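Below you'll find the structure, written out as structure tokens, and then a few comments.
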Amino acid sequence: MNDIAGFDAWNAGQNYEHYMGRWSRQIAAKYVEWLAPPRDAAWLEVGCGTGALTEAILSHCGPRSLLSTDPSDAFLAHARSTIDDRRVRFEAASGQGLPADDASMDVVAAALVLNFVPDRPSALAEMQRVLKPDGWLSFYVWDYPGGGVGFIDAFWKAAAEVDPEAAVLDERRRFPFCTRDGLAKICHAAGLRSLAIEPIEIETVFLDFEAFWRPFTLGAGPAPGYCASIPEGHRAVLKSHLASALKSNGPIRLAARAWAVKAHRDADGNSRPRRSPR
Ligand SMILES: C[S@@+](CC[C@H](N)C(=O)[O-])C[C@H]1O[C@@H](n2cnc3c(N)ncnc32)[C@H](O)[C@@H]1O
């Protein structure tokens with residue numbers, strides 16, 4: 001397991017939608033409500049994936065313009081094919097090199113992305129570079145360390161019991177900074193001060209165990225990437241181990257919690273949270 005990030009399969013937009021997109025859409029809707037951003041703003045989105053947050057911004061935030069970026073051509077193709085709105089433009093880019101001028105954006109946001117960016121300090125610096133002096137910087141990540149994403153946590157626990165080497169791939173272990181304190185620390189180190197950090201939670205509901213298991217077999221995302229990499233027999237053992245661990249004959253309901261962060265940079269280059277002007 002040398003190339004841990006190599007299992008993060010960011011391809012096949014429809015499969016990602018089935019694994020994660022349908023849940024990230026629900027979190028995105030709650031997030032924009034919590035954020036209460038200014039209307040008529042110029043937005044930049046980092047790691048837009050298949051467009052979960054993109055749609056929420058367009059539907060609820062009244063943006064003047066939205067530049068949505070992601071390094072995955074497959075995800076961008078999915079987003080372009082499903083979102084038809086003259087205010088949005090999609091562009092291939094990493095969070096470490098955003099295709100925007102200095103101080104050109106009112107709001108820069110990233111949904112469930114920052115933990116996957118290899119150089120987080122450089123991504124946070126880049127997000128600040130493109131932000132206007134009084135702009136908003138905001139993002140959210142899953143609460144992996146708190147076991148906050150029930151379906152992913154259950155998968156990795158079972159995977160490590162069947163294959164101890166899989167433990168290094170567990171997102172709980174890979175992303176220990178995704179806590180309130182951990183996020184405050186990386187934000188302070190990036191020069192963002194007086195942050196607002198709050199949990200946002202949804203419920204993930206699966207009709208039965210087969211409905212729970214299937215998204216893991218579709219190869220899009222870290223756990224499905226691992227699942228696709230193991231031999232058929234090993235996958236069958238993992239499936240039956242996971243089914244026993246969940247002890248469910250009917251619907252499976254698990255919480256999924258994200259930590260949402262917002263900060264406002266003032267004209268002096270400091271940052272503080274700001275109330276919506278609405
Ligand atoms: C869990 S998905 C989130 C996608 C979408 N924002 C959502 O909420 O559903 C993580 C996304 O991060 C993107 N990503 C991976 N590495 C990245 C990087 N270095 N810079 C920006 N985005 C990255 C992936 O392509 C993928 O779309």
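The values are calculated or read from the model by the stated rules, or taken from the named source; none is laboratory data. Computed from a prediction, not measured in an experiment: that's the story for all the values here. Here the Cβ positions follow ideal geometry from the backbone for every residue, glycine too, while neighbour counts run over all protein chains shown. Accessible surface areas use protein heavy atoms only, side chains included; no ligands, DNA or RNA. Shrake-Rupley method; radii C 1.70, N 1.55, O 1.52, S 1.80 Å.
Within segment 82-106, residues that are closer than 12 Å to E55 by Cα have Cβ atoms under 8 Å from residues that are assigned to a loop (DSSP other than H, G, I, E, B) and open to solvent by less than 20 Å² (accessible area, probe 1.4 Å) in these pairs: T82/T50; T82/G51; I83/G51; R87/P63, counting only partners at least 6 apart in sequence or on another chain. In the set (1) in contact (Cβ under 8 Å) with a residue 40 or more places away in the chain; (2) under 17 Å from the mean Cα position of the chain (by Cα), the condition left unmet by L76 is number (1).
S59: more than 13 Å from the ligand (Cβ to nearest atom) and touching a Lys or Arg at 6+ places or on another chain (Cβ under 6 Å), yes or no? Spelling it out, it is not the case that S59 is more than 13 Å from the ligand (Cβ to nearest atom) and touching a Lys or Arg at 6+ places or on another chain (Cβ under 6 Å). Go through the residues of segment 210-233 one by one and say whether even a single one is in a helix (DSSP H, G or I), in contact (Cβ under 8 Å) with a residue 12 or more places away in the chain and open to solvent by 70 Å² or more (accessible area, probe 1.4 Å). Among the residues of segment 210-233, at least one is in a helix (DSSP H, G or I), in contact (Cβ under 8 Å) with a residue 12 or more places away in the chain and open to solvent by 70 Å² or more (accessible area, probe 1.4 Å), which makes the answer yes.
Summed over segment 191-230, the residues that are out of contact with any helix residue (DSSP H, G or I) (no Cβ under 6 Å at 6 or more places or on another chain), among the aliphatic types (A, V, I, L, M) and within 21 Å of R253 (Cβ to Cβ) give a count of 3. Checking each residue in segment 14-54 for being open to solvent by less than 10 Å² (accessible area, probe 1.4 Å), more than 7 Å from the ligand (Cβ to nearest atom), in a helix (DSSP H, G or I) and out of contact with any Gly (no Cβ under 8 Å at 6 or more places or on another chain) picks out I27, Y31, V32, L35, T54. When segment 200-209 is limited to residues that are part of a strand (DSSP E or B) and among the acidic types (D, E), the one that is surrounded by the fewest Cβ atoms within 10 Å (Cβ to Cβ) turns out to be E203. Of all the numbered requirements in (1) among the hydrophobic types (A, V, I, L, M, F, W, C); (2) near the ligand (Cβ under 7 Å from one of its atoms); (3) over 24 Å from R64 (Cβ atoms); (4) in contact with a strand residue (DSSP E or B) (Cβ under 8 Å, 6 or more places away or on another chain), F116 misses one, and that requirement is (4).
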